[in-house]
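The values are calculated or read from the model by the stated rules, or taken from the named source; none is laboratory data. Keep in mind that this is a model prediction, so the values were computed, not measured. All Cβ positions, glycine included, derive from the backbone under ideal geometry; neighbour counts span all protein chains shown.
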Amino acid sequence: MDTRTTVLYVDDNPRSSRLLAGILDQCGFRVTAKTDPAEALALCRRANFDLALIDYEMPVMNGASLAREIKALMPELPIVLISARAELPPSEFEFVDAHFGSGSSLDDLLWSMRILATPRVVLREPAQTHILHPAPVMDARWWDST
């Protein structure tokens, strides 16, 4: 059984897609790469992933729009947006968990992907609370009784 972190990687540039998908694979991720956002959305309806990695600059649908569509299908899926731009308008991050732009390092991207894809423990029922009774306060006079 393959226990590697599964990544949906969407980038319209096939050359960039092959390069980064290969690097991610060598770093221990299991990558499914798509160059078409519509194909990626269709795949999200059929498969589960631990994380989505999306390029921002795509001609049909930009990465922020794709992130919104993916979150509608898979609200808990962490989404990392990558772009050649150092900055994007804040409105583009509404459905994105992390952004790596120009000047970001590959090591930072890989570390963040691992952290975001780490399963989180979700309590299905409220945890029982145990009230600890405070230790009795000792009266200072007991010292004097000896």
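Data overview
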{"quantity": "Count of residues meeting criterion [surrounded by 13 or more Cβ atoms within 10 Å (Cβ to Cβ) and either over 23 Å from Arg68 (Cβ atoms) or under 19 Å from the mean Cα position of the chain (by Cα) (or both)] in region 1-16", "calculated": "8"}
{"quantity": "Test for Asp36: is it farther than 24 Å from Asp2 by Cβ and surrounded by fewer than 19 Cβ atoms within 10 Å (Cβ to Cβ)", "calculated": "yes"}
{"quantity": "Filter result (out of contact with any Lys or Arg (no Cβ under 7 Å at 6 or more places or on another chain) and either small (Gly, Ala, Ser) or surrounded by 14 or more Cβ atoms within 10 Å (Cβ to Cβ) (or both)) within region 86-103", "calculated": "Ala86, Leu88, Ser91, Glu92, Phe93, Val96, Asp97, Ala98, His99, Phe100, Gly103"}
{"quantity": "Matching entry among Arg68, Arg45 (being in contact with a Leu (Cβ under 7 Å, 6 or more places away or on another chain) and surrounded by fewer than 22 Cβ atoms within 10 Å (Cβ to Cβ))", "calculated": "Arg45"}
{"quantity": "Residue satisfying condition, being closer than 22 Å to Leu20 by Cα and either assigned to a helix (DSSP H, G or I) or modelled with pLDDT under 95 (or both), within set Trp111, Trp143", "calculated": "Trp111"}
{"quantity": "Spans of strands (runs of 3 or more DSSP E) in region 1-76 with at least 3 residues in contact with a Lys or Arg (Cβ under 8 Å, 6 or more places away or on another chain), closer than 24 Å to Trp111 by Cβ and of a type outside the set (Asp, Glu)", "calculated": "5-10, 29-34"}
{"quantity": "Any chance Ala84 is in contact with an Asp or Glu (Cβ under 9 Å, 6 or more places away or on another chain), of a type in the set (A, V, I, L, M, F, W, C), modelled with pLDDT under 95 and part of a loop (DSSP other than H, G, I, E, B)", "calculated": "yes"}
